[in-house]
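The values are calculated or read from the model by the stated rules, or taken from the named source; none is laboratory data. Note that the structure is predicted; figures quoted are calculated from it, not measured. Methodologically, a virtual Cβ is constructed for each residue, glycine included, from the backbone with ideal geometry; neighbour enumeration extends over all protein chains shown. Note: accessible area is taken over every heavy atom of the protein model, side chains too, but ligands, DNA and RNA are not part of it. Shrake-Rupley method; radii C 1.70, N 1.55, O 1.52, S 1.80 Å.
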Amino acid sequence: MAKLNLENVQHHFGAAEATAVHAVGSAGFSLSDGDFLAIVGPSGCGKSTLLRLVAGLVPLRDGHIAFDGEPVTGPSPRRGMVFQQPALFPWLTVERNIAFGARFRALSRKQTATLTAELISAVGLEDFESFYPSALSGGMQQRAALARTLAGGPDLLLLDEPFGALDQQTRAKMQVWLAGLLAERGISALLVTHDIEEAVFLSDRVLVMSGRPGRILREIDIDLPRPRAAGIRTAPGFVALKAEIGAILGT
Ligand code: ADP
Ligand code: MG
């Protein structure tokens, strides 16, 4: 059974026919346990909307979304979302922000403390647990946000351009780091991005979406062993895959 399955998912914003925005044309795909699936498409093609539908943050009106065989009816920490802008609570320290992610789990105070410490070390923020988010760099904030989502114990991570707000060098470093972390933990992921290189670097498969209303144009297998090291970005196979996807998108 697929971990996640979408069938003919469409989405319009607004009720009246004449003013409605047709955000997602039609999307259908499935993701197996441990898979990393990326969706690339131009800005405004409905990527965030599609991810919010899977997260249960936008109510589904058309089509079917099943997670572990059950229809998605709302948000769940098992489908943990990471947003483009790190959505940390500014009034909580890094440690308290991360612990907050575990609030729906039946953990004792001691277990929460152990989990939080483990995640702080996994995301490399050991010396910053008592800092407030405003005192961290963008990359560190995004790592803290990811740790908070991981504290909920997700088996599927939903990543909405998670490194889009970071500079190119930090973004490349974070991609290597995320690839290692997910492979080590065997967590499945669904990433949406307009960054072709990011999609190829991280995923097993890339779905290419058209402009709005977004439809899935093609599915490309990224047949390179995971997790990948930074050096693969210049390998001929990697460059060829990037070019192939770029050609479909017309970039
Ligand atoms: P992407 O993430 O690919 O850039 P989005 O899913 O954010 O695209 O948006 C797809 C389309 O839906 C855009 O035209 C956008 O303006 C519109 N849209 C997104 N959210 C809303 C909303 N809450 N209300 C109305 N229109 C929206
Ligand atoms: Mg978006």
Inset, instruction - Starting from residues that are assigned to a strand (DSSP E or B) and aliphatic (A, V, I, L, M), keep the ones in segment 203-230 and report whichever is farthest from ligand 1 (Cβ to nearest atom). - result: Ile220
Legend entry - Check on Arg96, among the charged types (D, E, K, R), away from ligand 1 (no atom under 15 Å from the Cβ) and more than 28 Å from Asp167 (Cβ to Cβ): no
Inset, instruction - Considering only segment 167-215, state which residues are acidic (Asp, Glu), open to solvent by 40 Å² or more (accessible area, probe 1.4 Å) and over 25 Å from Gly153 (Cβ atoms). - result: Asp167, Glu197
Legend entry - Cβ-Cβ under 8 Å pairs, at least 6 apart or on other chains, segment 236-251 side of a type in the set (S, T, N, Q), far side surrounded by 14 or more Cβ atoms within 10 Å (Cβ to Cβ): Thr251/Ile196
Legend entry - Residue tally, condition within 16 Å of Val54 (Cβ to Cβ) and at pLDDT 95 or above, over segment 83-92: 0
Inset, instruction - Determine whether segment 10-26 contains at least one residue that is of a type in the set (A, V, I, L, M), out of contact with any Ser or Thr (no Cβ under 7 Å at 6 or more places or on another chain) and open to solvent by less than 10 Å² (accessible area, probe 1.4 Å). - result: no
Inset, instruction - Within segment 181-202, work out how many residues are touching a Leu at 6+ places or on another chain (Cβ under 6 Å) and assigned to a loop (DSSP other than H, G, I, E, B). - result: 1
Inset, instruction - Kindly indicate the residue of segment 216-235 that is free of Cβ contacts under 8 Å to residues at least 40 places away in the same chain and touching a strand residue (DSSP E or B) at 6+ places or on another chain (Cβ under 7 Å) and also surrounded by the most Cβ atoms within 10 Å (Cβ to Cβ) among those meeting that condition. - result: Ile222
Inset, instruction - Under 8 Å between Cβ atoms, at least 6 apart or on separate chains: pull out the pairs that start in segment 119-146 with a residue that is assigned by TED's automatic domain parsing to the domain that holds Ala102 and outside any helix (DSSP H, G or I) and end on any residue that is of a type in the set (S, T, N, Q) and open to solvent by 10 Å² or more (accessible area, probe 1.4 Å). - result: Glu129/Thr93; Ser130/Thr93; Phe131/Thr93; Tyr132/Thr93; Ser137/Thr170
